[in-house]
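Any read-out appearing in this document is the output of simple, stated calculations on the displayed coordinates, not a laboratory observation. All figures in this text were calculated on a predicted structure; none of them were measured in a lab. Cβ sites come from the backbone with ideal geometry, for glycine too, and all protein chains shown count toward neighbours.
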Ligand SMILES: Cc1cc2nc3c(=O)[nH]c(=O)nc-3n(C[C@H](O)[C@H](O)[C@H](O)COP(=O)(O)OP(=O)(O)OC[C@H]3O[C@@H](n4cnc5c(N)ncnc54)[C@H](O)[C@@H]3O)c2cc1C
């Protein structure tokens with residue numbers, strides 16, 4: 001049950017709470033203040049003057065707070081070149097986003113884009129990887145897709161600390177990293193600096209659509225807007241049903257280890273291990289289907305550590321100081337989902353499992369569409385309709 005605010009009351013942020021369903025408090029309400037919702041909300045401030053961002057708060061399963069900080073292209077979109085292109089477009093826009101956020105907020109996202117490696121511990125892994133890189137190259141067509149497969153002395157020249165257990169690696173120049181927590185903070189600060197209203201501690205429990213206005217109930221108040229964006233991570237499917245959208249998402253746990261600070265020895269990130277600007281090493285990450293359980297397990301931690309030590313034997317004597325589990329936001333094919341409801345036009349959904357990588361396109365490419373322009377061609381195939389199963393012909 002949503003408590004209605006008394007008529008005419010102004011809340012502490014100066015937004016008038018709704019008393020009439022035809023009244024809109026905002027041009028657009030974004031539900032979910034993780035990386036996806038915050039990037040979209042920030043981008044929307046270019047297209048609308050009254051943008052409100054509602055977020056559940058610290059009790060939530062926040063993927064944004066658990067991630068590895070890769071801005072990664074080389075593993076994205078095998079068999080789905082439109083997803084590779086979308087990821088690459090974001091990686092290309094990231095330097096501009098990082099500079100803009102730094103200028104607007106003074107927060108350095110620690111973004112770097114100098115390329116990255118995926119290590120292969122056996123010849124079989126290396127050959128599989130090479131075949132995948134070749135598919136990316138073929139599928140990219142005129143866009144081109146540069147990659148290198150490196151092994152032996154060349155690998156050791158470029159990654160001097162690599163262990164003899166590593167057979168080889170793929171490299172692409174498109175990959176990079178950013179600090180995910182600083183990125184989230186910078187997006188929210190820049191959003192506020194452009195006049196956006198961020199409201200933490202608001203769990204949206206109800207969305208109703210009447211007369212072209214969405215009424216969004218948080219239990220503390222009810223807000224109205226002609227447009228809403230549901231970007232609530234693993235909380236999205238339940239909210240999306242309220243606007244007639246079936247969004248199939250499931251959580252997938254990933255565990256990550258972080259070590260004490262050590263002297264720099266790894267200039268470039270690898271897909272499973274990277275050194276942060278502060279000197280700590282992040283190692284990950286597992287892929288576990290365990291529902292909404294964010295616990296860590298000895299088995300996954302041991303596996304991650306063993307692979308890390310095999311990759312870089314220098315790690316044998318370095319202390320792990322923390323391990324955590326977090327939940328990815330995964331669709332059945334692992335690709336993002338972007339949709340506008342047909343039954344409730346003006347209600348949008350955005351969900352993906354690469355919120356750091358895609359932050360730049362979320363901030364720059366979706367705002368126009370949400371405010372009424374055509375859907376960007378780049379995301380045309382990322383509609384949830386792709387999961388509809390045709391009934392077999394009898
Ligand atoms: C182990 C791990 C490693 C990862 N590594 C990377 C990486 O290297 N690079 C990369 O690009 N991505 C990575 N990711 C993925 C990235 O973290 C996620 O894509 C991203 O955080 C998802 O962001 P989100 O905003 O959709 O979801 P979340 O971060 O989960 O945020 C959703 C928000 O919605 C809010 N919410 C939910 N329900 C409601 C409601 N009813 N009302 C109001 N608010 C609500 C929650 O409070 C939450 O803040 C990783 C994820 C994991 C788990």
Inset, instruction - Report the full-extension gain for the segment residue 389 to residue 277: residue separation times 0.36 nm, less the Cα-Cα distance, to one decimal in nm. - result: 35.7 nm
Inset, instruction - Write down the Kirkwood hydrodynamic radius of the range 86-128, to one decimal in angstroms, obtained as one divided by the mean of 1/r over all alpha carbon pairs. - result: 12.8 Å
Inset, instruction - With everything on Cα atoms, drop me the angle between helix 35-44 and the longest principal axis of the chain, reported from 0 to 90° to the nearest 10. - result: 50 degrees
Legend entry - For the chain: relative contact order, % (alpha-carbon pairs under 8 angstrom, 6 or more apart): 25 percent
Inset, instruction - Using label points projected 7 Å from each Cα along Cα→Cβ, tell me how many nm separate residue 378 and residue 92, to one decimal. - result: 0.8 nm
Inset, instruction - Relative to the longest principal axis of the C-alpha atoms of the chain, give the angle of the C-alpha long axis of helix 123-140, reported between 0 and 90° and rounded to the nearest 10°. - result: 50 degrees
Legend entry - Potential extension, residue 82-residue 241 segment - 0.36 nm per residue separation minus Cα distance: 54.6 nm
Inset, instruction - May I ask for the angle, rounded to the nearest 10°, between helix 298-311 and the longest principal axis of the chain, with both axes built from Cα atoms and the value confined to 0 to 90°? - result: 50 degrees
Legend entry - Gain upon complete extension [residue 121, residue 295; 0.36 nm per residue less C-alpha separation]: 59.9 nm
Legend entry - Cα shape, the range 289-394, gyration tensor, a/c 1.5 rule: prolate
Inset, instruction - Identify which of 328, 138, 227 has the largest mean-square fluctuation in a Gaussian network model of the chain, with springs joining Cα atoms closer than 10 Å. - result: 138
Legend entry - Estimated FRET transfer efficiency when R0 is 45 angstrom, pair residue 128-residue 103 (beta carbons, to 0.05): 0.60
Legend entry - Cα principal axis extents for the chain, largest first, Å: 72, 55, 39
